[in-house]
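Below: one structure, written as structure tokens.
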Amino acid sequence: MRHRIHILGNGSLGGLLACRLSPFVDVRMILRSPPYPQSNTDDKRLPLTLDLAGERQSWRFDWETADAAEPISTLFLTTKSYSALNALDSIRHRLTPASRILLWQNGMGSQMQIAQEYADMAVYAASTTEGANRPEDGRIVHAGHGQTWVGPLSANAPFQEAQRLVDLLREAGFSSETTKDIRAQLWRKLSVNCGVNPFTVILNCRNGDILEHAYFQQRIDALCEELSAMLFVAGYGEPAANVKARIVAVAQGTANNISSMLQDVRAGRQTEINAINGFICDYADAHGQPHPVNSELTAGVHALSDHSGQSA
Ligand SMILES: NC(=O)C1=CN([C@@H]2O[C@H](COP(=O)(O)OP(=O)(O)OC[C@H]3O[C@@H](n4cnc5c(N)ncnc54)[C@H](OP(=O)(O)O)[C@@H]3O)[C@@H](O)[C@H]2O)C=CC1
Ligand SMILES: CC(C)(CO)C(=O)C(=O)O
């Protein structure tokens with residue numbers, strides 16, 4: 001029998017993973033509510049198309065809602081950071097100490113909270129630079145290939161299982177590695193997102209264009225000092241110059257991208273700012289450190305987003 005993977009979060013990343021994994025495993029989507037009935041078919045499965053390298057592939061997936069009863073052996077959680085814990089709680093009755101949970105969220109905070117609340121289970125995190133978007137419901141575009149790291153988060157997560165997850169991701173065509181210290185990878189990605197995403201929103205521009213703006217140039221050094229200080233506190237210390245070099249390299253390397261945060265603002269969706277610069281503000285407060293630039297960027301994004309009142 002083929003291994004079954006449940007995916008909770010039928011968005012850009014969840015859809016990408018579902019389409020790429022389905023030739024190799026039995027993928028089952030967990031939906032908030034049943035999908036709209038397809039008018040001209042009796043097939044009740046969830047249709048998804050994936051645009052990849054100029055080709056369009058169509059897939060259909062078995063789906064269930066959170067209240068189903070079947071125990072889950074492997075779960076990929078692909079909601080946004082602010083929905084992650086609630087979404088996981090909605091299927092708690094289906095998880096057992098034998099379940100493997102792989103968290104895909106960007107930013108920081110939700111992963112550690114889940115690792116704590118689900119400490120009796122095998123919780124892993126993935127950090128990925130793959131890029132997917134969803135121009136319309138049911139259609140996923142794999143916009144950019146990247147690198148994925150997977151590592152254990154909870155004490156009950158054996159490292160060999162991280163290797164199995166990576167083997168599967170590789171089989172599906174994702175360039176992936178295991179890491180014993182996934183937190184280091186999450187912090188590195190966090191620092192890049194802190195230095196790119198809010199600027200793209202405030203300046204309403206593509207990633208590469210932030211570099212030309214005086215608003216970015218006047219703040220980036222001070223921002224990197226704040227980020228560097230927090231990286232040192234977290235145990236992943238790096239000089240501010242290295243943090244800045246990474247931010248600039250990613251902005252140049254993804255120059256034509258519309259950041260995920262700007263996509264969210266343009267689509268009227270809640271952003272992940274609270275798990276990105278907002279997380280740094282909270283972390284700095286907890287350690288008595290100043291964070292004026294992170295505060296300014298967080299407030300700037302909230303001011304431009306319809307969801308400024310919502311919590312992380
Ligand atoms: N897209 C990408 O390329 C990448 C994304 N990431 C990270 O992955 C995470 C997911 O991103 P992305 O796929 O882009 O986000 P999307 O907003 O496209 O997808 C999130 C999905 O989760 C669903 N969801 C939320 N809460 C629940 C719930 N309680 N039960 C069931 N479904 C739920 C949403 O449903 P609904 O639409 O109904 O709200 C939505 O379909 C984010 O943290 C992002 O930063 C990381 C790297 C790359
Ligand atoms: C690296 C970057 C900035 C690429 O767009 C990203 O991760 C995002 O948009 O969230």
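The values are calculated or read from the model by the stated rules, or taken from the named source; none is laboratory data. In this text the structure is predicted, and so the values were computed from the model without any measurement. Counting neighbours? That spans all protein chains shown, and the Cβs are built from the backbone with ideal geometry, glycine included. Accessible surface areas use protein heavy atoms only, side chains included; no ligands, DNA or RNA. Shrake-Rupley method; radii C 1.70, N 1.55, O 1.52, S 1.80 Å.
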*Which of the residues that make up segment 249-278 are within 17 Å of A222 (Cα to Cα) and in contact (Cβ under 8 Å) with a residue 40 or more places away in the chain?*
I276, N277
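Scan segment 63-84 and tell me whether some residue there is of a type in the set (D, E, K, R), more than 13 Å from ligand 1 (Cβ to nearest atom) and surrounded by 12 or more Cβ atoms within 10 Å (Cβ to Cβ).
Of all residues in segment 63-84, those of a type in the set (D, E, K, R) come to 64, 67, 70, 80.
Of the ones still in play, those that are also more than 13 Å from ligand 1 (Cβ to nearest atom) are 70.
Of the ones still in play, those that are also surrounded by 12 or more Cβ atoms within 10 Å (Cβ to Cβ) are none.
No, segment 63-84 has no match at all.
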*Positions within segment 200-248 being open to solvent by 40 Å² or more (accessible area, probe 1.4 Å), in contact (Cβ under 8 Å) with a residue 40 or more places away in the chain and either part of a helix (DSSP H, G or I) or more than 20 Å from N106 (Cα to Cα) (or both), in sequence order*: I202, N204, D209, R219, A222, V233, K244, R246
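Does R56 satisfy the condition of being surrounded by fewer than 19 Cβ atoms within 10 Å (Cβ to Cβ), more than 12 Å from ligand 1 (Cβ to nearest atom) and more than 15 Å from the chain's Cα centre (by Cα)? Walk me through it before giving the result.
Numbers: surrounded by fewer than 19 Cβ atoms within 10 Å (Cβ to Cβ): yes; more than 12 Å from ligand 1 (Cβ to nearest atom): yes; more than 15 Å from the chain's Cα centre (by Cα): yes.
For R56, the condition - surrounded by fewer than 19 Cβ atoms within 10 Å (Cβ to Cβ), more than 12 Å from ligand 1 (Cβ to nearest atom) and more than 15 Å from the chain's Cα centre (by Cα) - is met.
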*Taking only segment 104-159 into account, find how many residues are under 27 Å from M230 (Cβ atoms), away from ligand 2 (no atom under 16 Å from the Cβ) and open to solvent by less than 20 Å² (accessible area, probe 1.4 Å).*
10
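Would you mind finding the one in R94, R28 that is open to solvent by 20 Å² or more (accessible area, probe 1.4 Å) and of a type in the set (D, E, K, R)? Talk me through it step by step, then tell me what you get.
On the way: R94 fails: open to solvent by 20 Å² or more (accessible area, probe 1.4 Å).
None of the other options fit; the residue is R28.
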*Are any of the residues in segment 258-274 at pLDDT 95 or above, open to solvent by 50 Å² or more (accessible area, probe 1.4 Å) and touching a His at 6+ places or on another chain (Cβ under 7 Å)?*
no
*Quick one: would you say G146 is under 21 Å from R170 (Cα atoms) and assigned by TED's automatic domain parsing to the domain that holds C19?*
yes
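Just give me the residues in segment 184-199 being more than 16 Å from ligand 1 (Cβ to nearest atom) and surrounded by 20 or more Cβ atoms within 10 Å (Cβ to Cβ), in sequence order.
Matches in segment 184-199: F199 only.
Residues are listed down the side, and each one gets a yes or a no for (1) β-branched (V, I, T); (2) under 28 Å from R266 (Cβ atoms); (3) in contact with a Ser or Thr (Cβ under 7 Å, 6 or more places away or on another chain):
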site	(1), (2), (3)
T49	yes, yes, yes
T65	yes, no, yes
A68	no, no, no
R92	no, no, no
